[in-house]
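Accompanying notes for the structure given below.
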Amino acid sequence: QVQLVESGGGLVQPGGSLRLSCAASGFTFGHSAMSWYRQSPGKQRGWVETITRGGSANYADSVKGRFTISRDNGKNTVALQMNSLNPEDTGVYYCNNYPAVSTYWGQGTQVTVSS
């Protein structure tokens, strides 16, 4: 059974930082490209960034230079370091494969950027 468990969200002021983590189980993590996705209020869930199984990263333009994705294949985890946060980064953040597998979605973790 596949499980993706996101954590690390919270309330942060504009300009602040957060580090999200995703623990994966139930599939061959090391063979999978992993991504973070975000659902902002009133919007559909969208792609934020991907890290390939080899460690190469691709980012949405909106987060390039501010967010850094990383993975630990020994621990089956993927992380998202988010810096210089702004209110537009508010939303529920999810991890999943890339492309996303519809049956893999977890609960996500809420990130709120507000003063």
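Solvent-accessible surface of segment 2-115, averaged per residue with a 1.4 angstrom probe and all protein chains in place: 51 square angstrom. From the alpha carbon centroid of segment 2-30 to that of segment 60-115 is 6 Å. Between residue 85 and 15, 16, the built amide H atoms are under 5 Å apart, and every one of these is 5 or more places off in sequence or on another chain. Applying the Karplus relation 6.51 cos²θ - 1.76 cosθ + 1.60 with θ = phi - 60° to segment 97-102 yields 3J(HN,Hα) values of 5, 10, x, 5, 9, 4 Hz, where x marks Gly and Pro.
Counting only protein heavy atoms and a probe of 1.4 Å, the accessible surface of the chain is 45% carbon and sulfur. Residues in segment 40-50 carry Karplus couplings, in order, of 8, x, x, 10, 6, 4, x, 6, 10, 6, 9 Hz; the curve used is 6.51 cos²θ - 1.76 cosθ + 1.60 with θ = phi - 60°, and Gly or Pro positions show x.
Highest GNM mean-square fluctuation among 65, 30, 74, for the chain modelled with Cα contacts below 10 Å: 74.
The values are calculated or read from the model by the stated rules, or taken from the named source; none is laboratory data. Note that the structure is a prediction, hence the values are computed from the model and not measured. Note: accessible area is taken over every heavy atom of the protein model, side chains too, but ligands, DNA and RNA are not part of it. Shrake-Rupley method; radii C 1.70, N 1.55, O 1.52, S 1.80 Å.
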